[in-house]
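Asks: After the structure tokens below, expect a handful of questions from me.
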Amino acid sequence: MIRNCLITIVIIAFSQNLFGQDISVDYQASDRSLVQIFRDLEKAYDLHFAYSTRELRGKKASVNAANQNLGSFLINLLRPHQLKHELVEEKFVSVTSPESVFIRAKAVDQETGESLPFATLRLKDTYQGAIADADGNFSVVIHEPLDAVLQFSFLGYQTYELNIDDYNDPELLQIDLVPDVRDLQEVVIREYINNGITTDDRASKITINPSEMEILPGLPERDILLSTQILAGINSNDESASGMNVRGSSRDNTFIYWNNIPIYQSAHYFGNISSFIPASIGKVDIYKNHIPVKYSGASAAMILIESRKEKITKPEFESSLNFTHADIYGRVPFLKDQGSFMFAARRSYNDLFSTPTFNALSNKLFEGTITQDVQQSVDENFKFNSKLTFSDFNLQWIYEPSGQDRLTVSALRSGSVLDYNSVNEEEAIESIQTHEVTNIGINAQWDHRWGERLQTNLSTSFSSYDMDYGLTEFREIGDDSDNDQASRANFLRNLEIRLSNDYALAQNHVLSFGYQMNLVDASLEINESNFFEEDFEEIIDTRGFVHGLFGDYTGKLNSNWQFGVGLRLNNYQSTGEVLIDPQLRISYDLNKNWLLKGSIGTYTQYLSAIQETEFTFSNSLEQNWIVADEDETVPLIVNRQAVVGFLFEKDGWLVDFDLYSKDLDGLIARNFGSTFGGEEGFGIGNERIQGIDLTIKRKWKNYRAWLSYGFQDSKASIPEFQLFDFTSGLNVRHQLQLSQTLSMGQFEVSLGYSIKSGLPFTNVTGLELITDPEPGEDPVDFEPFYEINFNELNSNRLPTYHRVDVSAWYKFPKIKSSKFRGEVGISILNVLDTKNLHNRTFGVEEFEDTTIGIFQLDKRLLGFTPNFSLRLKF
């Protein structure tokens, strides 16, 4: 917040009684504040004053006027305080300092010229603003006008920006707002966590606006994926940016779009560094209670990311640097005020030198603790070297030839290359591993407004995802004569076309309908070469052709009741199925403070990411995308979900409560987070998840504190394995986050504490020597082996998770005669360096004393992780 730019908005109701005679003032006061004197004059003489409260703060006067002309009275009153006045209308007076600027403006529809009552005005980069009067009039006193920018907005219209430096007209300024072709539905925004994390009037979605977002615990900058995890019901079991487990579901059950481009690589370095550049993001919409019927492909949640699209009249640029990468962002106007061109680029630099943040991420990904006979014994001879390079590039071109049309072209490229080498010097063995991921996407979109009631959106996207990773193990360092090799290659191509229409049947009644087509090709190639065994190769090719018709009706029965009915008809040619996904949403305002809400719906997912359990060289899960097919290698995932809850808001308090139930079919065994591998990993199961999400927030001026709590109870079954009612390996039964933020002028600080149940795992009960072959197995080829006996599936839990995070931001003071802005941020994740665990597995090994025993491998999460961020705007 730029507090030095104080803006005072005065809503003026101009008197219809026009008269030109001088006003004579009779007024006496002793040591009275100027603000109170103005209020007295307003009551006594039907005047209207506009002023900056900052300029008048602490200023008092003693006056004794009898039958004195108003102009002379004000000159004598204001001159000792170095203030001046201007009679704008016969009964409207502006009071300013010599360097202040007074602006009068009126917001109107560009097409019809009609006034826009109660339009909104905001000083850019601050949270200060107000609402116009019933005729769309604003009167503004700007205390420090240098480089100040005013933003005018109105529901259903594009935001208009006014640079005060360009304003030189003392008369009434007309603000022509262009109808927005995107929004026919009335939406009221309310603060949720802070000014940059909001919800709509029905609490149906949560929106993150990075440019307005305030500080959050542990974040040195406005990372949009990590920011979502502050919300109740959204958790990352592995502490990664992309590994979002929404209400106990697998990470691939949540789907992400960027400017209508499907995203399959949302973070680098095994999901730990978000691939979205914060400066380029305009907003992020998060749906977890329902998924809009116009989108398909997700069964748990939908995240829609849009680039910044507000109109600009001057170029804007930003650049930032932190301990993992540097980025640059820019937007320039196109054809004056008919559009814009945006570019954003980022690259890591840890291939040149390491930082504390990168080292902490590497330790999390590549170090584990091996325990022999349940007694800790870390291998001191193990050494590794990790070299990572990643980059992101975003482009967007917007052209608006009229208020009825908008053309948008967006493109992105996200890629990373990792080279990893580990050596055990004592045993003279070496491992070389590579990992390369590339995600490319392009979208062309046309929005057209046919009139006041109908608008159309046509979107065409193409997304390409390629992932290659491989492993080479040398039994003798430098000797490749008997090495072993293994690799995975996964590629995906998705062509998506969506035609959607919004038709306003009447005020507050909107019908949406359209068609979506997806043509998806996915391939998974597995290669293994072992010196002592036969080579193995398998290719899984899948293709999905999906046609979808959708319709949605949203309406208000009265001022209290609002409902929505949606229906989606999908034809999945890869499985030969035609499915109907219905949904119902309803809300009721008990009063201005209480909102009751509920939704029920079915959501189908045709593209899944198989979690790799046998071949992964980091402590993070690998994922391979594959399309559901008629052979049911991977089936369709169907989620039948119901949610009821309420939202309460009053006097700085906000309470949001959801009670939900999810019935999921078509889940494969390895995605339960369990230890199923091989063919067993493709066993088909189902799961019922029931839980609650609770958010409680309290706001006191510049201080906010909130609590987010989630409870989950899950019961999973895999009938073909005769496994019933076991706990999913993704289940976090209890999760509590306590967070607080404080703004102090240019400073913002935040502190957070998280505690949650440990993840389930399956403990061992003993080791057994198998001496007899299975029935039908050739005894000649049989060799005795040791087998681990396990407890009941997922019947144990890892230790309770604890983490304390802290962060601080500082915004540089505004420099006169300069457009330069800047902020610096520092953060620490896991301040106390708590040794939290993500996973525990077991294996059989022959130890140095030639005994055979069980080893335990614990995969740790982040330790003490500092970070730093510097952002400059110019």
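Asks: Would you check which residues across region 586-612 are crowded, with 20+ Cβ neighbours inside 10 Å and assigned to a loop (DSSP other than H, G, I, E, B) and list them?
Replies: Matches in region 586-612: Tyr606 only.
Asks: Another question about this same structure. Test Ile312 against the criterion of being more than 30 Å from Leu150 (Cα to Cα), open to solvent by less than 20 Å² (accessible area, probe 1.4 Å) and of a type in the set (Val, Ile, Thr), and give yes or no.
Replies: no
Asks: Under 6 Å between Cβ atoms, at least 6 apart or on separate chains: pull out the pairs that start in region 210-221 with a residue that is more than 14 Å from Ser869 (Cα to Cα) and end on any residue that is modelled with pLDDT under 90 and open to solvent by 10 Å² or more (accessible area, probe 1.4 Å).
Replies: Final answer for the pair search is Pro210/Arg222; Glu212/Asn195; Met213/Arg222.
Asks: Right, something else. Given region 764-874, what strands (runs of 3 or more DSSP E) lie entirely inside it while holding 1 or more residues that are open to solvent by less than 60 Å² (accessible area, probe 1.4 Å) and closer than 27 Å to Ser743 by Cβ?
Replies: 801-811, 821-829, 865-873
Asks: Considering every residue within region 536-543, establish whether at least one is within 28 Å of the chain's Cα centre (by Cα) and of a type outside the set (S, T, N, Q).
Replies: No, the conditions are met nowhere in region 536-543.
Asks: Can I ask one more? Of all residues in region 344-358, count the ones that are open to solvent by less than 60 Å² (accessible area, probe 1.4 Å) and in contact with a Phe, Trp or Tyr (Cβ under 9 Å, 6 or more places away or on another chain).
Replies: Of the residues in that region, 8 qualify.
Asks: Name the pairs whose Cβ atoms lie under 8 Å apart, with the first residue in region 568-592 and of a type in the set (A, V, I, L, M), the second not in a strand (DSSP E or B), and 6 or more positions between them or separate chains?
Replies: Leu579/Leu636; Leu590/Asn560
Asks: From Glu42, Glu86, which residue is open to solvent by 40 Å² or more (accessible area, probe 1.4 Å) and not in a helix (DSSP H, G or I)?
Replies: Sole residue among the options that is open to solvent by 40 Å² or more (accessible area, probe 1.4 Å) and not in a helix (DSSP H, G or I): Glu86.
Asks: If we keep just the residues of region 283-293 that are more than 11 Å from the chain's Cα centre (by Cα) and surrounded by fewer than 23 Cβ atoms within 10 Å (Cβ to Cβ), which is nearest to Phe672 (Cα to Cα)? Show your work before the answer.
Replies: Quick first cut of region 283-293, residues more than 11 Å from the chain's Cα centre (by Cα) only: 288-293.
In the following step, the residues that additionally are surrounded by fewer than 23 Cβ atoms within 10 Å (Cβ to Cβ) were identified as 290, 292.
On the way: His290: 23, Pro292: 26 Å.
My answer is His290.
Asks: Here's a follow-up. When you go through Pro217, Pro210 one by one, which is the residue that is modelled with pLDDT under 90, in a loop (DSSP other than H, G, I, E, B) and closer than 26 Å to Arg821 by Cβ?
Replies: Only one candidate passes the filter, namely Pro210.
Asks: Then there's this: (1) crowded, with 20+ Cβ neighbours inside 10 Å; (2) modelled with pLDDT of 80 or more: which one isn't true of Gly673, the others all being true?
Replies: Unmet for Gly673, out of (1) crowded, with 20+ Cβ neighbours inside 10 Å; (2) modelled with pLDDT of 80 or more: (2).
Asks: Here is a follow-up. Could you list all residues from region 817-842 that are on the phi > 0 side of the Ramachandran plot and within 23 Å of the chain's Cα centre (by Cα)?
Replies: Correct list: Asn830 only.
Asks: Is it true that Ser728 is touching a residue at least 60 places away in the same chain (Cβ under 8 Å), assigned to a loop (DSSP other than H, G, I, E, B) and farther than 30 Å from Ile668 by Cα?
Replies: No, not satisfied.
Asks: Can you tell me which residue is nearest to Asp31 (Cα to Cα) among those in region 52-77 that are at pLDDT below 85 and open to solvent by less than 30 Å² (accessible area, probe 1.4 Å)?
Replies: Leu56
Asks: Also: Among residues belonging to region 367-406 that are at pLDDT below 60, among the aliphatic types (A, V, I, L, M) and at negative phi, point out the one that is farthest from the chain's Cα centre (by Cα).
Replies: Val378
Asks: While we're on this one: Please specify each residue of region 615-644 satisfying the condition of being within 18 Å of His838 (Cβ to Cβ) and either modelled with pLDDT of 90 or more or of a type outside the set (Phe, Trp, Tyr) (or both).
Replies: Thr616, Ser618, Asn619, Ser620, Leu621, Glu622, Gln623
Asks: With Arg32, Arg79 as the choices, which residue is more than 20 Å from Arg104 (Cβ to Cβ) and free of Cβ contacts under 8 Å to residues at least 24 places away in the same chain?
Replies: Arg79
The values are calculated or read from the model by the stated rules, or taken from the named source; none is laboratory data. Just so it is clear, the structure is predicted and the values come from calculations on it, not from any experiment. Counting neighbours? That spans all protein chains shown, and the Cβs are built from the backbone with ideal geometry, glycine included. Quick note on the areas: whole protein, heavy atoms, side chains included, nothing else; ligands and nucleic acids left out. Shrake-Rupley method; radii C 1.70, N 1.55, O 1.52, S 1.80 Å.
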